[in-house]
Amino acid sequence: MELTMEKIVNLAKARGFVYSGSEIYGGLANTWDYGNLGVELKNNVKKAWWKKFIQESPYNVGVDCAILMNPQTWVASGHLGGFSDPLMDCKECHERFRADKIIEDYMDEHGMEIEGGSVDGWTKEEMVDFINDHDIVCPSCGKKNFTDIREFNLMFKTFQGVTEDAKNTVYLRPETAQGIFVNFKNVQRTSRKKIPFGIGQVGKSFRNEITPGNFTFRTREFEQMELEFFCEPDTDLEWFAYWKEFCINWLKTLGITDDQMRVRDHGKEELSFYSKATSDIEFLFPFGWGELWGIADRTDYDLTQHQNTSGEDLTYFDDEKKERYIPYVIEPSLGADRVTLAFLCAAYDEEELEGGDKRTVLHFHPAIAPVKIGVLPLSKKLSGGAGKVYEMLAKYYNCEYDERGNIGKRYRRQDEIGTPFCVTYDFDSEEDGAVTVRDRDTMEQERVKIEDLKEYFEKKFDY
Ligand code: ATP
């Protein structure tokens, strides 16, 4: 089976995973709304992250910080003043692109050495000169007629309060990490954690991306699941290796296989100036390899920046060693929407069954499956007893009750939305107090007493 994005997008729309945003108004470019199944799937993904990274971790605790932050935060982080993108437009076809990227691609293609590995340090004039002096044309129309470079900041800007003037400008956060850094002292005090410890957060981030696309892979509004793990200087590389392994295992336990992912370690020339080590965990999407998870050793950069900008002491005192220092930080940062898309792609399969039948099936790990159990009475006449089974199971799991159509079609429908188990209530159930449980992947069926169902499923859904 060849998996295409078209198949994923169509299934997502038809079954209620993801719709395009503001559809009745003709949409809003690159916005997506999660539907009745999508919200369950993404919530389950976030829950699975929280369970392993926060709840079960002896080291980590969580926070949930405001999206709007004091703008000084962004001065300290480098997002204001620092990381702005140099944009250029083609005067012929109005295609927009990043001048730095087009230069780097050109140099790469022509085997030219870039000092320091990137053109980050170049001025606007240097970029314009390079583009004019070389055979660089618009990637879209092939002509050579460009505007000047404009500095572009990826942060969404808005105003707090009634007056829209500069002093009321605030930004939507472009990452959740900074809320953690500014609360480092608060959390350390209230949680009474000693280093090493981590703080995690799940929440929305906003980036005015120039080239969003590939469905929910890159959007301007997205959710992140970030951990900032604080450790003693000189122990950072060990913790970096520890968390990298931990992240890979999390993906594996939820069903991503070795051939669907790879780890890409950044070379020296690619590292940010403050980072000692960075690795990306990439997933093989239908459109190619794409970054899922960025794991970075950020040294003491962030806390030092915030200490210098705020004037607050952000050092940590180690009671045992009687030493004071600014902790080092390991940051595994994962996109909730991206990894949800990866799980959807990884789960998708079209199977040829005995007798020539075909079925589309999503092999979700039970922990992330949006519907856990389908409750299906064999006949509408059995809705009384089947309804009771549904009520009992719905207390613990997101279940779907479906009594319409023939049982084979109802199984296929549950397969297609990735429901790991179906419970069929038949005429014998009235007599023997038992139901048939069908496994999505093996399609095997077994008879289970209704009174044992709770315990039976507890084991199946253990994660
Ligand atoms: P990319 O190179 O894909 O733009 P990045 O290196 O800028 O990503 P980070 O700043 O490291 O990304 O963000 C951490 C994670 O957040 C990414 O690995 C990704 O999963 C997610 N993420 C970042 N930008 C977006 C976006 N525009 N849409 C969806 N997810 C995103």
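Observations on the model:
- The chain, relative contact order [Cα under 8 Å, separation at least 6], %: 13
- Likely footprinting exposure, Val18, Val448, fewest C-beta neighbours within 10 Å first: Val448, Val18
- Peptides 369-379, 195-205 ranked from most to least packed give 369-379, 195-205, packing being the mean of other C-beta atoms within 10 angstrom over each peptide's residues.
- Formal net charge of residues neighbouring Pro58 (Cβ-Cβ distance under 15 Å; K, R +1; D, E -1): +4
- Potential extension, Asp234-Asp33 segment - 0.36 nm per residue separation minus Cα distance: 68.0 nm
- Spin-label pair Ser275/Lys7, simplified geometry with 7 Å Cα→Cβ offset, distance in nm: 3.3
- 22 Å Cα-Cα reach of Lys124 towards lysines, excluding residues that sit fewer than 8 places from it in its own chain: Lys91, Lys101, Lys143, Lys144
- Across segment 341-354, computed HN-Hα scalar couplings (Karplus, 6.51 cos²θ - 1.76 cosθ + 1.60, θ = phi - 60°) run 4, 4, 5, 5, 5, 5, 7, 5, 8, 10, 10, 8, 9, 4 Hz from first to last residue, x flagging Gly and Pro.
- Virtual spin-label span in nm between Phe287 and Met392, 7 Å along Cα→Cβ: 4.7
- Within the shell defined by Cβ-Cβ distances under 12 Å, the residues around Glu351 carry a net charge of -4, with Lys and Arg each +1 and Asp and Glu each -1.
- Förster-model FRET efficiency, 25 Å R0, Tyr25 and Thr158, C-beta, rounded to 0.05: 0.70
- The chain - mean residue ellipticity at 222 nm from DSSP helices (-39,500 (n - 2.57) per run, n ≥ 4, rounded to 500): -9000 deg cm²/dmol
- Local electrostatic count at Ala342 - Lys and Arg +1, Asp and Glu -1, tallied over other residues with Cβ under 11 Å: -2
- Under 11 Å from a label point set 7 Å out along the Cα-to-Cβ vector of His134, the amide N atoms of segment 86-109 belong to 100-109.
- From phi via Karplus (6.51, -1.76, 1.60), per-residue ³J(HN,Hα) for segment 380-394 in Hz, x at Gly/Pro: 4, 5, 9, 5, x, x, 5, x, 5, 5, 4, 4, 5, 6, 5
- Relative contact order (%) - segment 259-307, alpha-carbon pairs under 8 angstrom, separation at least six: 32
- Cysteines in the chain that lack a partner Cβ within the 4.7 Å cut-off: Cys65, Cys231, Cys247, Cys345, Cys399, Cys422.
- Protection proxy ranking, highest mean first, for peptides 233-241, 186-194: 233-241, 186-194, where packing is the per-residue count of other beta-carbon atoms within 10 Å, averaged.
- Using a cutoff of 8 angstrom between alpha carbon atoms and counting only pairs six or more residues apart, the relative contact order for segment 301-369 works out to 17 percent.
- Separation between Cα centres of segment 391-463 and segment 49-96, rounded to whole Å: 43
Each value in this text was obtained by applying a stated rule to the coordinates, not by laboratory testing. Bear in mind that the values here come from a model prediction, so they are computed numbers and not experimental data. So basically every Cβ, Gly included, is an ideal-geometry build from the backbone, and we count neighbours across all protein chains shown.
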